[in-house]
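Shown next, in structure tokens, is the structure this report addresses.
Throughout, read-outs are computed from the coordinates displayed, never taken from laboratory work. Computed from a predicted model, the values in this text were never measured in an experiment. Backbone-built Cβ (ideal geometry, glycine too); neighbour counts: all protein chains shown.
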Amino acid sequence: MAAVRDHSRTFAEFTYVYPVISRRSGGLSLGINLNPDKRCNFDCVYCEVDRRTPGKAGPVDPDRLRAELFAIVRAAKAGELAGIEKFRDAADWARQIKDLAFSGDGEPTMIPNFAACVQVAADVRRAEGLDDTKLVLITDAAGLDKADVRRGLEILDANNGEIWGKLDAGSEEYYRQVNRSHVRFDRILRNLHATARVRPIVIQSLFLRMHGEAMAPGELDAYCARLSGIVLAGGRIKEVHAYTIARPTPEPWATKLDPAELEAMAARIREQTGLIVRTFP
Ligand code: SF4
């Protein structure tokens, strides 16, 4: 048990890699935080990243990322994560690595050496024989048109990769309210479409209540029309992940939907788009 405790402390001190049990991944996900600096080009009203305290500035070090990934993958395979307190109720899940997921305290595609970091994850996946493990990029889609990022996407494609692109709105106006970004909405849509034309993508959408109001039916219809537009223009959407706020957010007026409300929205999206929609209330 001492070894387990030591590992627990070691992982807490890692800069880039952290283990989580993820409902959306269906098991153990090794998160890769490429944004210890907390930079993001969105400012979502529901964001749980605490930006009142500054992040750690500086470039991402691929060698350190590699060392951390090897250490945590080997610990998971040896069953050592299963002994960590927070995994006590999910010990069976804590051995099988479902994915290595680029998801952290900001937007991963904002770093200048994104492709190099994706290559590190691909190398570790291959070296450790993680044939069933996915590489997942969780992104707000704003940077998917950058040359280095597109190179990173090609590495993902060659290594059981999956791209989960955020879409929380149907109109520019609602997008500005919920994601509060300076990036134009049509750039997000264009990037999702261009990315989905090359490989199937997952759309991840957070639905919530703002100042007591859930998304209006007209906005939901506009959102559905955006998804259908991507498909009609030759894009492939593997599935939609519809979820809501899980923990209290810094904006107290941004609150969660009831499971029944989320299910009703998912049913409407299925009906209007014909897509597979999974809910995570
Ligand atoms: S895109 Fe993600 S990290 Fe960026 S503000 Fe939104 S929730 Fe936070």
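Electrostatic bookkeeping for LYS166 treats Lys and Arg as +1 and Asp and Glu as -1; over the other residues with beta carbon under 10 Å from its beta carbon, the sum is -3. Quick check: from the Cα gyration tensor, does the stretch 83-182 come out rounded (a/c under 1.5), prolate or oblate? Judged from the Cα gyration tensor, the stretch 83-182 comes out oblate (a/c at least 1.5, b/c at or above a/b). Under 5 Å from the amide H of GLN204 lie the amide H atoms of GLY165, LYS166, LEU167, HIS241, each residue being 5 or more positions distant or on a separate chain, with H modelled from the backbone and absent for Pro and chain starts.
When Rg and Dmax are taken over the Cα atoms of the stretch 167-281, they come to 13.7, 40 Å.
Treating each Cα of the stretch 238-281 as an identical point scatterer and ignoring solvent, apply the Debye formula and state log10 I(q)/I(0) at q = 0.15, 0.17, 0.28 Å⁻¹. Evaluating at q = 0.15, 0.17, 0.28 Å⁻¹ gives log10 I(q)/I(0) of -0.41, -0.50, -0.94.
Could you pull out every residue, at least 5 positions away or on a different chain, whose amide H is within less than 5 Å of the one on ILE245? Hs are placed 1.01 Å off N in the peptide plane, and Pro or chain starts have none. Those lying under 5 Å, H to H, from ILE245 are LEU257. Taking a Cβ cut-off of under 13 Å around SER25, the surrounding Lys, Arg, Asp and Glu residues balance to a net charge of +2, with basic ones at +1 and acidic ones at -1.
Across the stretch 140-149, rounded Karplus estimates of 3J(HN,Hα) from the backbone phi angles (6.51 cos²θ - 1.76 cosθ + 1.60, θ = phi - 60°) give 8, 6, 5, x, 5, 9, 7, 4, 5, 5 Hz, Gly and Pro being marked x.
In order along the stretch 32-41, the Karplus-derived 3J(HN,Hα) couplings, from 6.51 cos²θ - 1.76 cosθ + 1.60 at θ = phi - 60°, round to 10, 9, 7, 10, x, 7, 6, 6, 8, 9 Hz, and Gly and Pro are given as x. Positive contributions from Lys and Arg (+1) and negative ones from Asp and Glu (-1), summed over other residues with Cβ under 9 Å from the Cβ of GLU128, come out at +4. Under 5 Å between amide hydrogens, built in the peptide plane, is the criterion, and for LEU135 it picks out LEU100, GLY161, GLU162 among residues at least 5 positions away or on other chains. Judged by a Cβ-Cβ distance under 4.7 Å, the unpaired cysteines of the chain are CYS40, CYS117, CYS224. In percent, rounded to a whole number, the relative contact order of the chain is 17, using alpha-carbon pairs under 8 Å and six or more apart. Calculated translational diffusion coefficient of the chain (20 °C, 1.002 mPa s; Stokes-Einstein with Kirkwood radius over alpha-carbon pairs) equals 110 µm²/s.
Each DSSP beta bridge with both residues in the chain is either parallel or antiparallel, and the antiparallel ones are about 25%. Taking Cα centre as origin and charging only the Cβ of basic (Lys, Arg, +1) and acidic (Asp, Glu, -1) residues, the dipole magnitude of the chain rounds to 300 debye. Most simply put, the stretch 1-164 has about 30% antiparallel DSSP beta bridges, counting only bridges with both residues inside it.
Between the C-alpha center of the stretch 110-125 and that of the stretch 83-107 there is a gap of 20 Å.
Is the stretch 10-59 best put as rounded, prolate or oblate by its Cα gyration tensor, with a ≥ b ≥ c the root eigenvalues, rounded for a/c under 1.5, and otherwise prolate when a/b is larger than b/c, oblate when not? In terms of gyration-tensor shape, oblate. For the stretch 223-281, the residue among ILE245, GLN272, LEU262 whose Cα projects farthest onto the positive side of the dipole built from Cβ charges is GLN272.
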